[in-house]
Amino acid sequence: MAAESKTKHYVNVFLRYFVLILVGLIMIYPLIWMVGATFKSNAEIFSSIGFIPKNPTLEGYQKAMESYGGAINVWKAMLNTFSYVIPKVVFTMISATVTAYGFGRFEFKGRGILFSVLMATLFLPQVVLNVPQFIMFSKMGWVDSKLYLPIIVPTLFATDTLFVFQLIQFLRNVPKELDEAAKIDGCNAVQTLVKVIVPMLSPAITSIALFQFMWSSNDFMGPLLYVNTPAKYPLAIFVKMSMDADSGFQWNRILALSLISIIPSLVVFFMAQDKFVDGISAGGVKG
């Protein structure tokens, strides 16, 4: 019986890992193929689904380094992207943490109504807000701002409700006794937030920072609406600009640009993946 039980256990483990590896390969194969396709010629890209190039070439990367109209190239576009992505990440972490702390730790008049309104915004599609926001920012003179104000400033006001909700859920698992102990030690509300709450929330804060970094880096509609000068275009628009339908698509160049554009997100994710997983798992548990 013991031998039969061990055999069943090994078979179950083998089947689980086999299915996981198979599904993992299916999920990651498009990315692997894209990496290989960047070293292929345009003709070879459509000749097979294999990811290993028969005649490797750097033509795609050489073309990816070319400037567009002399005003912008891939490195300038990447710098433009990070010039508003990094402030968005920082401001999102601060505003979402402060807002979650207010809703999670303080009782005040109208708290229930305000929290309901906050949660209701989760069901509001961004496309509904695009027109009124564009009109408002146009009247404020922020469209095509050098500092990307229409893209950055909203993050100062905790407009990403999902992040606030995630931090509130995580905060519910932090014992209130820690706040009381800090108060006894002479800490006020701000000191308690900085010295007690923020260190406890660090996994969740890391996860929202990663989400914001990846979403903002891949955002196409925001820069398309609020950035009109080609020299200030981010990578998302620069990749689209490389698709010239008149002269025909240079797919190896497009794929090379796409790979270059996602490398920063991949590097940041793998550097902080442990805290990212901790933040997601802990934020989904209600204490």
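Quick rundown of the values:
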item	result
Hits in segment 262-285 (condition: in contact with a Ser or Thr (Cβ under 7 Å, 6 or more places away or on another chain) and modelled with pLDDT of 70 or more)	264, 265, 272
Residues of segment 185-220 classified as in a helix (DSSP H, G or I), closer than 19 Å to residue 102 by Cβ and of a type in the set (A, V, I, L, M, F, W, C), total	12
Meets criteria (under 20 Å from residue 104 (Cβ atoms) and of a type in the set (D, E, K, R)) for residue 160	yes
Given (1) more than 24 Å from residue 86 (Cβ to Cβ); (2) open to solvent by less than 80 Å² (accessible area, probe 1.4 Å); (3) touching a residue at least 12 places away in the same chain (Cβ under 8 Å), number of the condition residue 125 does not satisfy	(3)
Residue match in segment 141-155 (condition: hydrophobic (A, V, I, L, M, F, W, C), within 28 Å of residue 263 (Cβ to Cβ), modelled with pLDDT of 90 or more and open to solvent by 80 Å² or more (accessible area, probe 1.4 Å))	yes
Inter-residue pairs, beta-carbon under 8 Å, first assigned to a loop (DSSP other than H, G, I, E, B) and in segment 149-174, second open to solvent by less than 10 Å² (accessible area, probe 1.4 Å) and at pLDDT below 90, 6+ apart	174/201
Failed condition for residue 182, given (1) over 27 Å from residue 261 (Cβ atoms); (2) in contact (Cβ under 8 Å) with a residue 60 or more places away in the chain; (3) crowded, with 18+ Cβ neighbours inside 10 Å	(2)
Condition met for residue 117 (out of contact with any Leu (no Cβ under 6 Å at 6 or more places or on another chain), exposed (fewer than 13 other Cβ atoms within 10 Å of the Cβ) and within 20 Å of residue 220 (Cα to Cα))	no
Filtered residues of segment 14-54 (kept if charged (D, E, K, R) and assigned to a helix (DSSP H, G or I))	16, 44
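The values are calculated or read from the model by the stated rules, or taken from the named source; none is laboratory data. The structure displayed is predicted, hence computed values, not measured ones. In this analysis, Cβ positions are derived from the backbone assuming ideal geometry, glycine residues included, and neighbour counts consider all displayed protein chains. Only protein heavy atoms, including side chains, enter the accessible area calculation; ligands, DNA and RNA are left aside. Shrake-Rupley method; radii C 1.70, N 1.55, O 1.52, S 1.80 Å.
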